[in-house]
């Protein structure tokens, strides 16, 4: 690392932090205006610590690729406008060498983005989403009907209805199969969730089948362990945002094994966290290639082109996510297609500017 490298890194990260701070200040103003009634109802402590303290990192991380791109365009255009890049290249420095501190800065942003999205923001989102459900608009899924899922190999559970407020399911059954033959069937009028996989069934009957023979056991209460919990079948749109990446990966695997179909949003969220990390490098390459030469019209032209490209990237990602949710493509392809396309754009622009 040379003095020049540190100079570019400081410019890059300083502009990135300044851009985030500016956008967040504007966001707070609009958010307060939009949710003023909710904030007046909620305690001040909950508004500040449960909502805003968790909302701001979430919002900043969601638009990190956009902030990265704007930061690169802005400070590189300024360097070019002041003929600083020309001075660097006149010393014999190549564009490849000039790109090194940019990529180092992008690596710092990418690492921070991944750690935040994978481990820090999901637990914080639990408080933020709970605040919104309580004071703004309740999007929680508290009821389910005709619930059926495979809780373990050879075991299928069914509930006619589940009330998450009472933590109680009604008309429950648990069928156990061996070699595709029914060997046991537990039925109960109600089943109540306690903690983790602990359930209590009431007014139950267990029928065990041994060939043509059948034995029946009855009771009023039975504490049992069943490998399911309410979040396995009461799925809200933003549940995926409350899980760390290891939890999300485990949840997706478990739900696929059970045959649950509506987990596209969880798969998209999982792939999105990795795709956003790669986006920092891709958009840095495009931004540096676009703005490293002085153009007629000043930095305004570069910033305009940069904004168009960055918003088109976000729009492209949104469209491909919709395709994945609709089942037209896989979440993996949907999240990485924009990165693939913009990598090609970045390489073409870089080759053009380095040869020019």
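Points worth noting:
- Residue 216 falls short on exactly one of the conditions (1) outside any loop (DSSP other than H, G, I, E, B); (2) surrounded by 10 or more Cβ atoms within 10 Å (Cβ to Cβ); (3) touching a strand residue (DSSP E or B) at 6+ places or on another chain (Cβ under 9 Å), and that condition is (2).
- Applying the condition of being touching a residue at least 40 places away in the same chain (Cβ under 8 Å) and assigned to a loop (DSSP other than H, G, I, E, B) to the stretch 146-183 and asking which residue is surrounded by the most Cβ atoms within 10 Å (Cβ to Cβ) yields 164.
- When residues of the stretch 229-248 are limited to those that are assigned to a loop (DSSP other than H, G, I, E, B) and touching a helix residue (DSSP H, G or I) at 6+ places or on another chain (Cβ under 7 Å), the one surrounded by the most Cβ atoms within 10 Å (Cβ to Cβ): 243
- Selection count, the stretch 18-40, where residues are exposed (fewer than 11 other Cβ atoms within 10 Å of the Cβ) and touching a residue at least 24 places away in the same chain (Cβ under 8 Å): 0
- Residue check for residue 15: closer than 14 Å to residue 68 by Cβ, in contact with a helix residue (DSSP H, G or I) (Cβ under 6 Å, 6 or more places away or on another chain) and either outside the structural domain of residue 130 (by TED's automatic domain parsing) or surrounded by 12 or more Cβ atoms within 10 Å (Cβ to Cβ) (or both): yes
- Which numbered condition residue 186 misses (of (1) within 33 Å of the chain's Cα centre (by Cα); (2) surrounded by 15 or more Cβ atoms within 10 Å (Cβ to Cβ)): (1)
The values are calculated or read from the model by the stated rules, or taken from the named source; none is laboratory data. Every value quoted in this text rests on a predicted model; they were computed, and no experiment measured them. A quick note on method: Cβ atoms are made from the backbone with ideal geometry, for glycine too, and the neighbour counts reach across all protein chains shown.
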